[in-house]
Structures are given as C-alpha cells and as structure tokens.
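**Student:** Sharing a structure here in structure tokens format.
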Amino acid sequence: MPGGLPVPMQGFADVWQKAFQQFQNMDLRSLVAQGPGTETPQLRFAPEKLAALQQDYLKSAAELWNQSLHAPPPLKDRRFSTEAWAHNPVASFAAAVYLLNTRTLMGMAEAAEGDAKTKARLRFAVEQWAAAAAPSNFLAFNADAQKKAIDTQGESLAKGLANMLHDARQGHVSMTDESVFEVGKNVATTEGAVVFENAFFQLIEYKPLTDKVHEKPFLMVPPCINKFYILDLQPANSVIRYAVSQGMRTFVVSWRNPDESLEKATWDDYIEKAVIQAIHTVRDIAGTPQINALGFCVGGTMLTTALAVLAARGQKPVAAATLLTTLVDFTDTGILDVFIDENMVRFREAQMGQGGLMKGQDMASTFSFLRPNDLVWNYVVGNYLKGETPPPFDLLYWNSDATNLPGPYYAWYLRNTYLENNLVKPGKATVCGEKIDLRQLDMPFYIYGSREDHIVPIGGAYASTQHLPGKKRFTMGSSGHIAGVINPPAAKKRSHWVRDDGKFPKSVDDWVAGATETPGSWWDDWSGWLKGHAGKLVPAPKGYGRAGTYKAIEPAPGRYVKAKA
C-alpha cells in the first residue's frame, strides 16, 4: 500500500484527511456568542500545524496497527489499564484507536486560531465528546464489564439495570451509597441549636468547647448553591467544630432549600433579608457592636456585597472578614466562562428572571460535567455496566444533596458577576438601593484560594486583593475547590503558601514567586489571624441565643438543611 499503511488503517487515514480539510473552514456559529452586530468568525488553522498533526496521526496509526499484530498495545490510561483489557485484543485495539483519535482532536483544538473564549469552548466541546465516546462507556467494548458479567453469570448486568432504574427514579447518577448517610446523624453533627429563622435561612449557634470565648462572635456564610454541612462533614474535618475549638462563639447560616414560595426572591432579598439580617442578629445575640465573618465561595461574594451595602449606609458591623475560594472580581472564572455570554444570560433572564427556580440537579450536573471522567462516566461504568454500588463517601453524599436557586437571584448573579463583572466597578451595581463600592471596605481580610481549583481559579481568588483596600493576608493552599478548604491540621496533608512582606503584586504568579511553602493545613495560620481580630476572652455562654429575645428553636442542624430539592 502506498505510504506504508495497511488496508484497515487506510480507512482511518482517509477519514482524517477529509476532517483536516473541513476543519480549515470550520464555522463556529454554535460556539460563539451571537448578539446584535456580532460577526460570526471563521475558525482558522495554520496549514503547517494541520500538516504536522496529519503526519503524526498517520505515523502513529501505522505503528498502532503493526503493534497490534503481535500484542495489544500497552495502555496507561486508567480506564483501560487492567488485565481484562490487556487480554482482550478487540477492546484493547478500540481503546488505543480512541486514544489516538482523542489526542489528534485535542491537537486540532489547540491548533485553532481564534479568540481565547472561542478556543476554550472548542477545547471544552472536544473534551466532552472524548469523555462520552470512550470505549469503556459501552458494554460492547468494556473488557472489565464483560469479564465481570461472565464471572457472575450475568448477575452484574442485572444489578446494573437495577442501579440504572434506581438512579432514574432519584434523578441523578449515584456517586456514593446515599442510604448510609443521614444529616444530623452521621454528617453535620456538631452540637448546637437554631436560634433564629425566617423565610431564607436558619441561624445556628454552636455549643462552646472552651471555658472562655473571644468577645467578638464569629458568623459563617456558606454558599446558598450548596448545603452548609460541607463545613461540618465529620468531627475530624469540620471547619465549624475547629472554629468552636479555637474559642470562637460560632454561628452559621443554614440556607433554606427554595421551593415555589421563594421563586421570585432576588439577589437583593438574599443580601438584605439573609446576610445582613444574620449579621445584625449575631450582634444582637452577643450584645457586641462588631462581629467577625467568613464567606465561602458564593457565600463570600454575598458577604462582600452585604458589607459594601452596609458601608454605603455608614455602618461597619464586621470587624474582620475571611473569604474562602471566593470570586469578587470575575475576570478569571476559569472553565465556567465557556457557558457565559449575552445570549445565555438573556435566555435565563427570559426564562426565570421574573420568577421560577433553577433546579438544583441542573446546577449539580453542570458542575459534574466540568470533570466528566471523574464525576460522570466513572459512575456510569461502575453502577450500570459493572453493577457495583459506589462506596460510602460523605463528601460525595453532600455533593449529591442539591439545592435550588430562585430564578431572579440566579439571573441577577449571572449578569452582574460572570457576564459584566459589576461588583468591582465602583457605583456600577446597585444592591438594596445602595451603590456598591468595594473601596469602602477598609476592614482586614483573610483571603484563601486553592491552587488547583477549577471553579474559583487561584487567579480569581487572588484578584480580591486588588480591590479590598484594608490590611490583607492571602494564603494559597494546594488541591481543589473543596479538598483545599477541608484540610484539617491533624491530617498533616498538602501544603500552603504565605507571604509576610505585605506585598500584593497584580499577578498571582508574582505573588507566588515571593511566597513561602509550609507543609500541612492553612487552618492554624488562619486561626492565629482570626484570634488577633476577635477581642479579649470572656466566659463562654451557658446557653443558646439571648434570654428573652432569641431562644433555641430546635437542635442543630435544623430542618432547613434536611429539605430535598
């Protein structure tokens, strides 16, 4: 055969020859935001890059075929690395061809010449296709699943079908054995009581673990797109319990899981009737003029917004604030940016801007597909093709415990943060009747970002340092959005980076260049900082709330957190 390709591989070569030609004039209408006056760009590829990719593909295809004649090619990808794959020539060859095709497609995506956002969308589309098209996702090619079906005389297939029907009824793919967990029984078990509630949240006060507490109480505002017990999974890794053990009189916002009664709730409602209400309530209960506060993820964005509203009113009820993996400046939003454009935001505004609910499962699915192999297809294969029950894991149970969002809240959030980045533009955003100006927030801030975070990129978390004028401390931890935060000192895992010269260059890379790595958790560094702003030690309260005004309503974790989406 001319060119040295065997007949079976020539078909692949012919297909790719046509694909390379078509890619040179690819129309990206589906990948580019279309609005008034928007021109549809043509995605172009440098001919020399396509030629190099084509030559590499043909060479690799020939090598693959020649290798397959003697022994299945060794595969390092964990999806295809078991003995069953190695001893199944058909499955092994299909996997090898798939990996070659995926590598070539990704190379073509990288070779594209276009604006950064269009290229990111192209890469994301290819990654989603590649994850879905893996031979391991299909019983006809999955050597492991075939072997298990034979070994169990078909029992694994029957269990897989039962698992699939169960997941269809519950509305999501099972990531863990959810029957093992119960909120308040073996997750969210730190002792406390609900001392206030309204239509938006319950306020939980936790029982002190020390004889004395710092006089300034401490309020935690978790994200309302999740449930608060990510901060209280188990006693050994509970951020809440840790804060209590450090002598903080600790309060936590437990968000209500919105139903139709909250379908018209706005961003302003959540700031005024939830975050600001929680701040005032904690002050009233403790009888102090100021408190300290923490915001996690979207909770940090909401806390910062609330502080700006209060500052515009001439009020400063928070002495010092902590932001964990929080975006205030939405310039760098990472992979989530591929979903955001004017058309998408207009669609959501038309769909639910005046009322409705953003379903929690829709939101959860979006986040899962940011890591499709780990959080989607891995469980499709295990649950359905192999008939396995995923092992109990509290973090994944929390991840599956979805929450809804009111449509007007969600639409405002999309436009004013991800699309227009209005919070960092002085006077641009109006919230609760006040112009937002972050330059008025002169209180100390402790800002934490995770180095491998795919939801709040480290550059996005660090960007807050450029807009908050008060004294700041920035800390970078290793790992991702959740694992980086939930990293107790006793675990002696990972590392964190700090910088003590007080300098905050514009780029996070420049900050890292002058930072010092410290093994282990960042929690103790944060605790030391927080204690420095928490005031003197006073006797711990003997009961919950405040006599005659705020009484214990029910034991923690309360009933709001138990409501299902």
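**Student:** Would you please name the trypsin sites (Lys or Arg not before Pro) within segment 173-228 that are DSSP coil residues with at most 15 other C-beta atoms within 10 Å of their C-beta?
**Tutor:** Qualifying residues, ordered by number: Lys185.
**Student:** Cα atoms only, segment 371-419: Rg and Dmax in Å?
**Tutor:** When restricted to Cα atoms, segment 371-419 yields Rg and Dmax of 16.1, 45 Å.
**Student:** Is it possible to state the helix-based mean residue ellipticity at 222 nm for the chain, with each DSSP H run of 4+ residues giving -39500 (n - 2.57), the sum divided by total residues, to the nearest 500 deg cm²/dmol? What is it?
**Tutor:** -10500 deg cm²/dmol
**Student:** Here is a follow-up. Binned at 5 Å from 0, what are the whole-percent values of the Cα-Cα distance distribution for segment 189-306, short to long?
**Tutor:** Here the calculated profile for segment 189-306 is 2, 12, 23, 26, 20, 11, 5, 2, 0.
**Student:** Remind me, relative contact order of segment 352-490 in percent, using alpha carbon pairs under 8 angstrom and six or more residues apart?
**Tutor:** Across segment 352-490, relative contact order equals 19 percent.
**Student:** Please state, as a whole number in µm²/s, the translational diffusion coefficient that the Stokes-Einstein equation yields for segment 149-201 at 10 °C and 1.306 mPa s, with Rh defined as the Kirkwood radius across alpha carbon pairs.
**Tutor:** It comes out at roughly 107 µm²/s.
**Student:** At a 1.4 Å probe, what is the % contribution of carbon and sulfur to the accessible area of segment 484-523?
**Tutor:** Result for segment 484-523: 48 percent of the exposed heavy-atom area is carbon or sulfur.
**Student:** Let me ask something else about it. In 10 Å bins starting at 0, how do the alpha-carbon pair distances of the chain split up by percent?
**Tutor:** Pair shares across the bins are 3, 15, 24, 24, 17, 10, 5, 1, 0, 0.
**Student:** Sorting check: for 552-562, 297-307, which peptide has the highest mean count of neighbouring beta carbons within 10 Å, and how do the rest follow?
**Tutor:** Highest to lowest by the protection proxy: 297-307, 552-562.
**Student:** Ignoring any ligand, DNA or RNA, what whole percent of the accessible area of segment 194-348 comes from carbon and sulfur when the probe is 1.4 angstrom?
**Tutor:** For segment 194-348, the apolar C and S fraction of the accessible surface comes to 48 percent.
**Student:** Turning to a different aspect of this structure: Quantify, in whole percent, the carbon and sulfur part of the accessible surface of segment 355-453 (1.4 Å probe; protein heavy atoms only).
**Tutor:** Of the solvent-accessible surface of segment 355-453, carbon and sulfur hold 52 percent.
**Student:** Can you give the FRET efficiency to the nearest 0.05 for Lys536 and Asp500, using r as the Cβ-Cβ distance and R₀ = 22 Å?
**Tutor:** Result of the calculation: an efficiency of 0.30.
**Student:** If you take the charge dipole of the chain about its Cα centre, with +1 on Lys and Arg Cβ and -1 on Asp and Glu Cβ, which of Ala463, Ser368, Tyr544 is farthest toward its positive end?
**Tutor:** Tyr544
**Student:** State, to one decimal in nm, how far the label point of Ala552 lies from the label point of Trp129, with both points 7 Å from Cα in the Cβ direction.
**Tutor:** For the pair Ala552/Trp129, the computed spacing is 6.0 nm.
**Student:** If amide H atoms are built 1.01 Å from N in the plane of the peptide, which residues on other chains or at least 5 residues away come under 5 Å of the amide H of Gly192?
**Tutor:** Under 5 Å from the amide H of Gly192 lie the amide H atoms of Lys207, Ala556, each far enough along the sequence or on another chain.
**Student:** Any idea what the alpha-carbon Rg over 2.2 N^0.38 Å comes to for segment 291-389?
**Tutor:** Ratio of Rg to 2.2 N^0.38 Å for segment 291-389: 1.50.
**Student:** Send over a whole-number figure in Å² for the accessible area per residue of the chain, probe 1.4 Å.
**Tutor:** 43
**Student:** Still on this structure: In bins 5 Å wide, starting from 0, what share of all Cα pairs of segment 475-565 does each bin hold, as a percent?
**Tutor:** 3, 10, 13, 13, 14, 14, 12, 9, 9, 4, 1
**Student:** Taking the convex hull of the alpha carbon atoms in segment 237-354, what volume per residue do you get, in Å³?
**Tutor:** So the per-residue hull volume is 155 Å³.
The values are calculated or read from the model by the stated rules, or taken from the named source; none is laboratory data. Note that the structure is a prediction, hence the values are computed from the model and not measured. Neighbour counts run over all protein chains shown; Cβ positions are idealised from the backbone, glycine included. Just the protein is used for accessible areas: all its heavy atoms, side chains included, with ligands, DNA and RNA removed. Shrake-Rupley method; radii C 1.70, N 1.55, O 1.52, S 1.80 Å.
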